[in-house]
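Derivation of every value follows stated rules applied to the coordinates shown; laboratory data play no part. Bear in mind that the values here come from a model prediction, so they are computed numbers and not experimental data. Positions of Cβ are generated from backbone atoms using ideal geometry, with glycine treated the same way; all protein chains shown enter the neighbour counts.
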Amino acid sequence: MKKLLSVVLAAATVFAFAGCSKKEGGFDSSTSYTSSNTEFIIGSTGPLTGDASSYGISVQQGAQLAVDEINEAGGINGVKIKFDMKDDKAATADAATGYDALYEAGMNASIGSVTSGSCDSFGAKAAEDNLFFITPSASAANVIEGRKNGFRVCFGDPDQGTLAAEELTKNFTKIGAIYDTSDPYSSGIFEAFDEEMKKLGVEYTVRTFDAENKKDFSTQVEAMADCEVIFLPIYYTEAGLIARAAVAKGIGAELFGCDGLDGIADQVDASVTNTIKYITPFNVNSKDDNVVKFVTAYQAKYNALPDQFAADAYDAIYTLAQAMEKAGLSDPTISPSDLTDTIIPVITGSDFKVVGVTGTMTWDESGACSKEPQIVTLGEE
């Protein structure tokens, strides 16, 4: 059965979602950076294998498409780009190891890591070396907090949680929530949601799960029997299991999630008749010229439709390239620290914006991205 995506702009809300010697635990940033690069190297880590591999592969493909387009257009001030992504399996230790390998290979700048836990590990090392990173998808607050070199393209977790509370309380009185206590993405969104719900004076039903117990959701779903809507600040795999459990229990509540639900269409079938909505920066069916061009190019290259992770990665590469271009950078042997100090005043400048496939974006010194969210409804045609 075909799936229909309809989009509602949350118009009133804009997210401020803005060869070296090695020392023990990383590279000594006090040592001069030396490089024989003939092209700018942009590094990243992400889960290319394992349970979260779909996210990493989407980011890898979206980023590589952008790199290919930029290189075909002449590169950055005449210098080509190389994109190098290491598999971190969504594990913090592997993200740190990946960072070390990339830095040793001459990485100039980065789009960070895909998942929040890995990106916090990656970001800690990047902060030591003052290496610029702009993550497409690591949305936990601590990823960029206190790191002047850290930026992101995606929405921040607290912003999504607050918006979800505002949206749900406008339309429902019987509200439930199921979240993952072991995942920083899920917990971060839920904490902001819960804080806003308390401010609004709204009581609701809450159930949890963790990494060791995320296959059978019958107990959590049974507790939502009287709810009109269930908030799911989780990833699409578990959300799909919850949707099927709701069907099995005869619960017709609307399911409402955040950007982690992008991809849930592949997890549900015609038996799931519950309305499913989620907050996202990207609508694959948009008629916007930039989006149409991106979707067409992505399909031609990968024989698949892009998701939000691919779109945010595409925008992250273009953002970095646009900032480097505007800063006049043309020496691929520039040290990461010098590159960072050169482009931060550019990217945080009042005259800098990127018109991307996930919206028109600006940044401030916090590293958070400001752009308008969309609420996408997954339905049946």
Item checked: Extent along principal axes [Cα atoms of the chain; Å; largest to smallest] -> 63, 45, 37
Next item on the list: Multiply the residue gap between residue 174 and residue 372 by 0.36 nm, knock off their C-alpha separation, and tell me the result in nm, one decimal place.
Entry: 68.5 nm
Margin query: Applying a 10 Å radius around every beta-carbon, put 44-56, 68-80 in order of their mean neighbour count, most first.
Written below: 44-56, 68-80
Note to self: Just to confirm my numbers, what's the Cα centroid distance between region 302-327 and region 216-282 in Å?
What the structure shows: 29
Check: Using the Karplus equation 6.51 cos²θ - 1.76 cosθ + 1.60 (θ = phi - 60°), what ³J(HN,Hα) coupling, rounded to whole Hz, does each residue of region 272-284 give in order, writing x for Gly and Pro?
Finding: 8, 9, 4, 5, 10, 10, 7, 7, 7, x, 9, 10, 4
Check: Using modelled amide H (1.01 Å from N, peptide plane; none on Pro or chain starts), what sits under 5 Å from the amide H of residue 366, excluding residues fewer than 5 places away?
Finding: none
Next item on the list: Using packing as a proxy for protection, rank 100-110, 292-302, 130-140 so that the peptide with the highest average count of other Cβ atoms within 10 Å comes first.
Entry: 130-140, 100-110, 292-302
Notebook entry, point to check: Stretch residue 337-residue 202 to full length: gain in nm at 0.36 nm per residue minus the Cα-Cα span?
Noted result: 43.8 nm
Next item on the list: Name the long-range amide H neighbours of residue 254: under 5 Å, sequence gap of 5 or more, or other chain; modelled H, no Pro or chain starts.
Entry: 229, 230
Next item on the list: With θ set to phi - 60°, apply the Karplus curve 6.51 cos²θ - 1.76 cosθ + 1.60 along region 164-175 and write out the HN-Hα couplings as whole Hz, x wherever there is a Gly or Pro.
Entry: 4, 4, 4, 5, 5, 6, 5, 10, 9, 10, 9, 10
Notebook entry, point to check: Near residue 199, which lysines are there with a Cα under 27 Å away, not counting those fewer than 8 places off in the same chain?
Noted result: 170, 174, 277, 371
Margin query: Shape verdict for region 157-280, please, from the Cα gyration tensor: rounded (a/c under 1.5), prolate (a/b greater than b/c) or oblate.
Written below: rounded
Note to self: Explain nothing, just compute: Karplus ³J(HN,Hα) = 6.51 cos²θ - 1.76 cosθ + 1.60, θ = phi - 60°, for every residue of region 208-213 in order, whole Hz, x for Gly and Pro.
What the structure shows: 10, 8, 9, 4, 8, 9
Notebook entry, point to check: In debye to the nearest 20, how big a dipole does region 157-280 give about its Cα centre with +1 on each Lys and Arg Cβ and -1 on each Asp and Glu Cβ?
Noted result: 420
